[in-house]
Every structure is written in structure tokens, then in C-alpha cells.
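The structure under discussion appears below in the form of C-alpha cells.
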Amino acid sequence: MLIGRLPHRGDLIEELTKVAVENGIKAGAVQVIGALERATLGFYDQWHKSYRQLPFDRNVEIVSGLGNVSLRDGAPFVHLHLSISDEEGNVFGGHGMAGCTIFAAEYFILPIPGIQPIRTFDETTGLHLWERMRYAPGSPDDIPPDLKRALFIP
């Protein structure tokens, strides 16, 4: 399990990806909270099969950031959805995209040992989705000792 803060003025997706790469995480759950100087969310247009960017060129709070880590093109890939709020408490949500400039952010990444979900292009949706419908974790022997303690596994 990894927790930490991300650098001021870094790009949210880039910095989370760096954490995954530097720690060899190929599968995991991601949470992030904090504030952004500006944000770019994405809305996937299912008809056109493309993302429409929703720019927020103002300070916002990250109300919730949830996602995962898997492999895409052989490298760790962070897939993140964000709920953000403005100064009046209006909440907006969507796919976290490049262009989210960090003011302050704290993350939590829970590596999932023994599996390596791989993203491949899906013709039906036009998205890069996990190639299998289900992934099962490896044996308890694959779990690092610190994660076993965190999960209360004897």
C-alpha cells in the first residue's frame, strides 16, 4: 500500500503514473483527494466514440478521485474518474485527463498482487478496456508482507 502527496503544479495523471511506474505497480486501486489549480475532465461520447474535453480554468477541489492501475501498451496506465467542486459547491465529474494541474493532492494506491490486467482496444465501444472479463488474484504467497499486515492476513 502506498500513500503520499503529489508535487505542486504537477500534472495529476502524469504524477500518479510516475508513482505506479517507480513502484512497479501493474494492477491496483487508486484514490486521490486535494485541490487543482485547473482541471480537464473528459466525457466519452458513445455515439462518436471519442472523449470531449471539459476544461475548468479555475481553482477546484477534488471531492473524490477513484480509479485503477493496469497495463496499456506494456506500461502502467492510470485510469481515473474525478468529482470536482468549484467555489460555490457546484460539483462536476468525468474522466480525469491530462491538464489537471495540482495545487495539493494526496493519494492512496493499493497494489493488487498476482494479476496484470491488460488494456486492449475494444471495437464495440472504441475504448481500451481490460482484455478479460474477470481477473482473479494470485495466491496469498504473492502478497507482500506489508500488504498482508494491512489486510489482516495471518
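Look at E37 and say whether it is loosely packed, with under 14 Cβ neighbours inside 10 Å and out of contact with any Asp or Glu (no Cβ under 7 Å at 6 or more places or on another chain).
The answer is no for E37.
Scan segment 99-110 for residues that are closer than 15 Å to G67 by Cα and surrounded by fewer than 19 Cβ atoms within 10 Å (Cβ to Cβ) and report the count. Qualifying residue count, segment 99-110: 3. Within segment 53-97, the set of residues being touching a helix residue (DSSP H, G or I) at 6+ places or on another chain (Cβ under 9 Å), of a type outside the set (V, I, T) and over 22 Å from I112 (Cα atoms) comprises just one member, M97.
One residue stands out in segment 24-39 among those that are β-branched (V, I, T) and touching a Ser or Thr at 6+ places or on another chain (Cβ under 9 Å): the one that is farthest from G67 (Cα to Cα), namely I33. Among residues of segment 117-136 that are under 18 Å from A75 (Cα atoms), those with a beta-carbon under 7 Å from a residue that is of a type in the set (D, E, K, R) and part of a loop (DSSP other than H, G, I, E, B) at least six positions away or on a different chain give the pairs I118/E131; T120/E131.
Pairs meeting the criteria (first residue in segment 12-23 and under 18 Å from S64 (Cα atoms), second residue surrounded by fewer than 19 Cβ atoms within 10 Å (Cβ to Cβ), beta carbons under 6 Å, at least 6 apart or on different chains) are I13/A98.
Just so you know, all these numbers are worked out from the coordinates, no wet-lab data involved. A quick note: this is a predicted structure, and the numbers were derived from the prediction, not measured. Neighbour counts are summed over all protein chains in view; Cβ atoms, including those assigned to glycine, are modelled from backbone coordinates with ideal geometry.
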